[in-house]
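Only one structure is covered here, and it is reproduced in the block below.
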Amino acid sequence: MTGVMTRIDVSPEMVTLYGTGTIGDGVFPIDAQAFQFDLAEGNFRCRTDVSPADFNGDADRVRLILLVSRAACERLRGQPSAMRQRETYHMPASLRAIVAAVRDCALPEGALSIYRGAKCIELLCETIRLDVEGKLLPQGSVAGLSAADSERLLAARRVIEERWAEKLTIGGIARACGLNRGKLTRGFRDLFDCSVADAIAEQRLSRAGDMLLVTDLPVSSIGYRCGYLNNASFARAFARHFGVAPTRYRAARLAA
């Protein structure tokens with residue numbers, strides 16, 4: 001017998017459903033928009049025509065579903081969404097980390113729903129941020145790329161997102177994902193609109209920015225941990241990416 005997904009009432013405008021089973025018969029936000037995340041597949045969908053039949057067909061899969069009123073989404077976004085109805089999107093590392101935190105949380109029951117509710121608010125805000133910044137990527141979105149090659153390129157992007165601190169090379173990434181070097185480099189340009197080197201640098205510099213704010217490590221140590229062999233090259237790359245030197249970035253953000 002199929003059960004009912006765990007429900008968390010985050011607010012009158014947002015309900016979270018988690019786990020396996022049907023979505024149940026409870027009251028949902030008026031004119032709700034749904035974001036369905038599938039960690040096993042590494043993707044998510046946005047749906048604006050919410051009906052139980054759309055969700056109950058996948059009752060045997062572990063899912064995280066955010067049901068949010070359209071008015072709340074528009075208020076948070078501040079502009080029309082670029083996400084297309086029922087399109088399947090690649091789940092970037094930042095979204096996967098939040099979904100994994102919801103899944104893996106081992107807090108006692110009294111704190112579990114509060115924690116999951118807070119993480120789901122974070123998940124919604126991060127999804128909207130990526131949408132506004134044009135960083136959400138539909139799966140199989142580029143003509144000329146087979147579905148298999150698109151999946152291999154997405155796997156290559158995940159290698160960069162998860163192993164950014166390692167010494168990554170185009171050859172090593174290509175071998176890890178079953179692509180040749182040419183198809184990897186061309187595919188990154190076509191699918192992600194950047195080079196492999198750009199993707200690695202963006203990931204490392206974003207992590208460096210986080211470390212500047214949440215640790216007391218010297219700038220040179222952060223640069224070294226992020227793959228830069230000397231402080232000067234790190235400072236130049238960081239300034240190109242963020243528009244300010246690492247020391248000024250840390251001082252300005254912490255003073256704000």
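Here are the numbers for this structure:
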read-out: Search result, residues across the range 225-256 that are of a type in the set (D, E, K, R) and in contact (Cβ under 8 Å) with a residue 40 or more places away in the chain; value: ARG225, ARG253
read-out: Residue count, the range 177-199 (criterion: hydroxyl-bearing (Ser, Thr, Tyr) and out of contact with any Lys or Arg (no Cβ under 9 Å at 6 or more places or on another chain)); value: 1
read-out: Qualifying residue in the range 160-169 (condition: among the basic types (Lys, Arg), crowded, with 20+ Cβ neighbours inside 10 Å and under 27 Å from ALA237 (Cα atoms)); value: no
read-out: Options LEU154, LEU137, LEU168; residue that is in contact with a Phe, Trp or Tyr (Cβ under 8 Å, 6 or more places away or on another chain) and under 23 Å from LEU205 (Cα atoms); value: LEU137
read-out: Candidate set from the range 34-61 (those that are among the polar types (S, T, N, Q) and closer than 16 Å to ARG7 by Cα); member that is surrounded by the most Cβ atoms within 10 Å (Cβ to Cβ); value: GLN36
read-out: All positions within the range 62-73 that are in a helix (DSSP H, G or I) and either exposed (fewer than 14 other Cβ atoms within 10 Å of the Cβ) or among the polar types (S, T, N, Q) (or both); value: ALA71
read-out: Top-ranked residue in the range 70-85 [being under 18 Å from the mean Cα position of the chain (by Cα) and not polar (S, T, N, Q); ranked as modelled with the lowest pLDDT]; value: ALA82
read-out: Among residues of the range 1-27, those that are under 13 Å from VAL68 (Cα atoms), out of contact with any helix residue (DSSP H, G or I) (no Cβ under 9 Å at 6 or more places or on another chain) and at pLDDT 85 or above, counted; value: 2
read-out: Given (1) in contact (Cβ under 8 Å) with a residue 12 or more places away in the chain; (2) under 20 Å from ARG189 (Cα atoms); (3) within 16 Å of the chain's Cα centre (by Cα), number of the condition GLU133 does not satisfy; value: (1)
read-out: Filter result for ALA165 (more than 14 Å from the chain's Cα centre (by Cα), at pLDDT 90 or above and outside the structural domain of ARG45 (by TED's automatic domain parsing)); value: no
read-out: Residue that is in a helix (DSSP H, G or I), surrounded by fewer than 19 Cβ atoms within 10 Å (Cβ to Cβ), in the same structural domain as ASP49 (by TED's automatic domain parsing) and in contact (Cβ under 8 Å) with a residue 40 or more places away in the chain, where the choices are ARG116, ARG86, ARG103; value: ARG103
read-out: Complete set of residues in the range 198-224 that are in contact (Cβ under 8 Å) with a residue 40 or more places away in the chain and surrounded by 13 or more Cβ atoms within 10 Å (Cβ to Cβ); value: ALA199, ILE200, ALA201, GLN203, ARG204, ARG207, GLY209, LEU212
read-out: Inter-residue pairs, beta-carbon under 6 Å, first touching a residue at least 12 places away in the same chain (Cβ under 8 Å) and in the range 39-50, second among the β-branched types (Val, Ile, Thr) and surrounded by 19 or more Cβ atoms within 10 Å (Cβ to Cβ), 6+ apart; value: LEU39/VAL99
read-out: Every residue from the range 235-252 that is under 25 Å from the mean Cα position of the chain (by Cα), among the small types (Gly, Ala, Ser) and assigned to a helix (DSSP H, G or I); value: ALA237, ALA239
read-out: Matching helices (runs of 4 or more DSSP H) fully within the range 151-234 where at least 2 residues are of a type in the set (S, T, N, Q); value: 196-214, 219-225
read-out: Condition met for GLY227 (at positive phi and surrounded by 13 or more Cβ atoms within 10 Å (Cβ to Cβ)); value: yes
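The values are calculated or read from the model by the stated rules, or taken from the named source; none is laboratory data. Just so we're clear, the structure is a prediction, and the values are computed from it rather than from any experiment. Every residue, glycine among them, receives a Cβ derived from its backbone with ideal geometry; neighbour counts consider all protein chains shown.
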